[in-house]
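A quick write-up on the structure given underneath.
Read-outs throughout are calculated quantities, based only on the coordinates presented, and are distinct from any laboratory measurement. Source: prediction; values computed, not measured. FYI the Cβ positions are ideal-geometry reconstructions off the backbone, even for glycines, and counts take in every protein chain you see.
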Amino acid sequence: MSAIRLLVLGAVRQHGRAHGYQVRNDLEFWGAHEWSNAKPGSIYHALKQMAKQGLLVAHEIAPSTAGGPPRTEYEITADGTEEYLALLRRALTVHDQRTDVLSAALGFIVDLPRAEAVTLLRERVRGMEEWRATVTGYYTPVEGPESLGHIGEIMRMWVDSAEFGATWTRGLIDRIEGGAYTFAGEGEPFVGVLAEGQENPYATGEPHVGDRD
């Protein structure tokens, strides 16, 4: 699964309608350009491709009175929303999910009902526990991983990562069950996007002509 697809669909959905630079600005505000492949070229390419696939609708907007080329605003479709929620649910459930995809899913987890988010995260923990039990059941030498030489460090890394991932996920579940955050259907959600014209302190650079798409 690609993080960029989930990120772009989620960002457009949060705005209702958004042009490319708004989406780019939001993702940079979240630091996504540091922990995912959400670079400017990837963002604009994803917007155009998903518009062709019917997941987004592209609206041509007339240029401002100050001049300049017209820009395109994107709006998520019913199919796009279905795809977005499917990607979000899978990203939260899969136990060996890539870190960038899981990070993207965490950014949108409150788009789900609280109970569903907890159910998906519990499935993730169960998957990690099952994977760890399978591996350690046949790949843990009696003498310890050192008996395999430095190659034993590979499985040590993966097993320790699974243990950390399960511990972290259980902590997140506890926080959610304890009432943290505002989930779908509970009221006004946290606003994690920049308003039109709001300065982005984490922007990587000024927009150029291509950013108007």
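For a Förster distance of 22 Å, can you work out the FRET efficiency between the beta-carbons of ASP96 and GLU186, rounded to the nearest 0.05?
For ASP96 and GLU186, the calculated efficiency is 0.10.
Rounded if a/c is under 1.5, else prolate if a/b beats b/c, else oblate: with a ≥ b ≥ c from the C-alpha gyration tensor eigenvalues square-rooted, which is region 113-183?
prolate
When ranked by the protection proxy of mean other Cβ atoms within 10 Å per residue, highest first, what sequence do the peptides 161-174, 75-88, 98-111 form?
Ranked by mean Cβ neighbours within 10 Å, highest first: 98-111, 75-88, 161-174.
Charges at C-beta only: +1 for Lys and Arg, -1 for Asp and Glu. How large is the resulting dipole of region 113-183 about its Cα centre, in Debye rounded to 20?
Result for region 113-183 is approximately 300 debye, rounded to the nearest 20.
Could you tell me the relative contact order of region 113-183? Use alpha-carbon pairs under 8 Å, at least six residues apart, and round to a whole percent.
This gives 52 percent for region 113-183.
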